1. Would you kindly find the accessible area of GLU22, with a 1.4 Å probe and non-protein molecules such as ligands, DNA and RNA excluded, rounding to the nearest 10 Å²?
2. Quick check on the chain: of the DSSP beta bridges with both residues there, what percent are antiparallel, nearest 5%?
3. Just to verify a number: FRET efficiency for ALA130 and SER167, C-beta to C-beta distance, R0 = 45 Å, to 0.05?
4. What percent of all Cα-Cα pairs in the chain falls into each 10 Å bin, going from 0 up to the bin containing the maximum distance?
5. Counting only protein heavy atoms and using a 1.4 Å probe, what share of the accessible area of the chain belongs to carbon plus sulfur, as a whole percent?
6. Tell me whether the range 137-212 comes out rounded, prolate or oblate; compute the Cα gyration tensor, take square roots of the eigenvalues as a ≥ b ≥ c, and use a/c under 1.5 as the rounded threshold.
7. Report the Cα centroid-to-centroid distance between the range 1-56 and the range 169-191 in angstrom, as an integer.
8. Bin width 5 Å, alpha-carbon pairs only: give the P(r) of the range 1-100 as whole percents, running from 0 to the bin holding the largest distance.
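The values are calculated or read from the model by the stated rules, or taken from the named source; none is laboratory data. If you're wondering where the values come from, they're calculated on a predicted model, not measured in any experiment. Neighbour counts are summed over all protein chains in view; Cβ atoms, including those assigned to glycine, are modelled from backbone coordinates with ideal geometry. Side chains included, ligands, DNA and RNA excluded: accessible areas come from the protein's heavy atoms. Shrake-Rupley method; radii C 1.70, N 1.55, O 1.52, S 1.80 Å.
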Amino acid sequence: VLAHPEWHTGVVGIACSRLVEELSRPTILMCDKDGHCHGSGRSISGVSLHAAMAACSGHLTKFGGHDMAAGLALDSSKLGAFTADFVAECNRRVTIDQLTPSTSVDAVTALTELSPRQVMDLDALKPFGAGNPAVRLLVKNVLLFGAPQPLGKTGEHIALMVKDTGSNIVRRVIAWGWAARIEHLRAGRRYDLVIEPRLSTFNGMSSVEPELVDAREC
C-alpha cells in the first residue's frame with residue numbers, strides 16, 4: 001500500500017496491475033493530497049481485494065469493487081492504520097503458493113500450426129477480459145535466431161526471431177517491455193515460449209506475429 005501527492009488517480013490502477021504482474025502481491029496505490037487519499041487496487045487470484053477492504057472498512061470513507069479490482073478513499077490521517085490492517089488481512093488470506101508467479105496456457109502448439117486463418121479464428125473468442133482471458137499458447141524448444149532487437153523510441157520493447165524445431169519456419173515475436181530482460185535471451189539458445197497469438201498487417205498483407213508472455217531456457 002503506497003500513496004503519493006503527485007500520483008494521478010487516473011493511472012494508479014494501471015500501475016497497480018503492473019506491480020501485481022511483477023510482484024504477485026495485492027497492491028493499492030493512491031493519491032495523498034489535501035488530507036485525503038484516493039486510489040485503487042488490484043489483487044491476485046484467490047485473494048479477494050473487496051473482502052480485504054471490507055475487513056478494514058472502519059478506516060475508509062468509501063470503497064467498492066470486486067475480488068480482483070477495487071477503488072477506495074480515506075483520510076490521510078488513517079493511512080498508516082489502514083495499511084497495517086490491510087497488509088495483515090491480506091497476509092491472513094494468502095498462501096505461499098499464491099505469491100509465486102505462474103502462467104497458465106490453453107494449449108501446446110508449434111509455430112508451423114499458427115497460420116493467419118487460425119489466429120483469426122482464435123480472435124473470434126474476443127472480447128477478452130477477467131472472465132474470458134486472452135488465449136495463451138506454449139511453443140516448446142524454439143531456437144532464438146539472432147540477437148533480440150530493440151523496439152520503440154526508447155528501446156523498451158524487443159523483437160525476437162525464433163525458429164521452429166524440425167522446420168525452417170521463422171517467426172517474429174514481439175516482447176513488450178522486455179528490454180530489461182534482453183540479456184537473458186541469447187542467440188543460438190533454445191527456449192520454451194508462452195505467447196498470445198497476434199496478426200500484423202502491413203501493406204494489406206497479414207502475417208503471424210505473436211506477443212511474448214513468458215520464456216524459459218530449455
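1. 130
2. About 85 percent, rounded to the nearest 5.
3. 0.80
4. For the chain, the binned pair fractions read 8, 27, 27, 21, 14, 4, 0 percent.
5. Summing carbon and sulfur atoms, their accessible area is 53 percent of the total for the chain.
6. It comes out oblate by the Cα gyration axes.
7. So the separation of the two Cα centres works out to 31 Å.
8. The calculated distribution, bin by bin, is 3, 15, 27, 27, 19, 8, 2, 0.
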